[in-house]
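Novice: First the structure, then my questions, so here it is.
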């Protein structure tokens, strides 16, 4: 239980940190890519406004006119640093001129292919390979300008790789630190849980003695004065308290990991059949239809005593809360490597909300019903602990005017 709590604490902390890191790294890289694209678009717009050339007068006067919004991007060296080429076409998309004088990596044939591909599309701007392009109206038709963004995009990709690597290393480092200090963080909760379980164990053992004395005294009274409704009531309540104490101690041992689990080869089909037959007489007395659909010869490696207790708890629960003249069905089947046990019972009033709350300790959906049935709301908690000990899964499902408890081993 403590390890499970520790793992949950680490998982929540790491998921929270992962979300923060993903948002942070993602936002920075998106902003970086957006800035690179905006820079390329502004250069392309400048070239398009000047029919594929840099404005010489603006570059010479760079830094002087504050009204020029390009002053923070363009310097007198920009036209020597920028690699681009332009494709000119008429209004029918027929290319008549290609300018590759400002780039060495693109031949006229390559420029022709790039231009034809962009002219055939409806997009006015975008990326084609490592080139950012802009399609605009030229002086004699259309002009498509391609800006070489290879260096800028490589910087973007490098920054993305570095930031993701740093983020991953940071997550691993934090995971190690949280794993080391998590016990210290949840120490107060652990101490409280240990004290609570120790109290249950100690109280359970202390209660056993007075219960044994009360039971013995009641039996002596019956021997002397004969049976009466009072002695019957005393013995019934003692039996109920004995069952409660037994379940509390079992639950405490399971959660503390002190319950000895002896794995052996078990014929699950035979075990469930025999346990179910023990409850069939109770079903007959209550006028309940009791059916079994058990697949034969399912062999597993589990603790036989724990499985008997698990099946008994679920069957007892089903017979307690089945409606008058209702149905209780026991189903066992094997699906692949999974063995599925289902205990289904019809009921008049379905519990409201999340049915898995029924596995909570002392949970009762209907107080009056629980008192009538003699339940304390702890049996299903014991069943869940047994299933958890065997690395299985138990769930409560609404099914055909009733409730079904499904165990997967």
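Novice: If I stretch the segment between residue 286 and residue 137 completely, what's the gain in nm (0.36 nm per residue apart, minus their alpha carbon distance), one decimal?
Specialist: Length difference between fully extended and current span is 44.7 nm.
Novice: Compute the distance in nm between two label points, each set 7 Å from the Cα along the Cα-to-Cβ direction, one at residue 212 and one at residue 246.
Specialist: About 1.5 nm separates the two model spin labels.
Novice: At R0 = 60 Å, how high is the FRET efficiency between residue 221 and residue 19 if r is their beta carbon distance? Nearest 0.05 is fine.
Specialist: Given R0 = 60 Å and the Cβ-Cβ separation, E is 0.35.
Novice: If one computes the Cα centroid of the range 274-343 and of the range 140-180, what distance in Å separates the two points?
Specialist: 58
Novice: For residue 360 and residue 301 in the same chain, what is the full-extension length gain: residue separation times 0.36 nm, less their Cα-Cα distance, in nm? List each step's numbers first, then the result.
Specialist: Details: separation 59, 0.36 × 59 = 21.24 nm, distance 2.76 nm.
That works out to 18.5 nm of additional length.
Novice: A follow-up question, please. Suppose the chain between residue 129 and residue 340 were pulled fully straight at 0.36 nm per residue; how much longer would it get relative to their current alpha carbon spacing?
Specialist: Residue separation times 0.36 nm, minus the Cα-Cα distance, leaves 70.5 nm.
Novice: Can you give me the distance in nm between label points at residue 49 and residue 293, each placed 7 Å from the Cα along the Cα-to-Cβ direction?
Specialist: Computed distance between label sites residue 49 and residue 293 equals 7.8 nm.
Novice: Between residue 170 and residue 38, with labels modelled 7 Å along Cα→Cβ, what's the label distance in nm to one decimal, could you check?
Specialist: Result: 2.3 nm between the two label points.
Novice: Could I ask something else about it? Cut-off 12 Å, label point 7 angstrom out along Cα-to-Cβ of residue 121: give me the residues of the range 128-150 whose amide nitrogen falls inside.
Specialist: Only 128-135 fall inside the zone, counting backbone N under 12 Å.
Novice: Name the residues of the range 122-154 whose amide N is less than 15 Å from a point 7 angstrom out from the Cα of residue 113 along the C-beta direction?
Specialist: What the label zone holds, given the 15 Å backbone N cut-off, is 128-131.
Only the coordinates and a few stated rules stand behind these numbers; no lab work does. These numbers come from a predicted model, not from an experiment. Methodologically, a virtual Cβ is constructed for each residue, glycine included, from the backbone with ideal geometry; neighbour enumeration extends over all protein chains shown.
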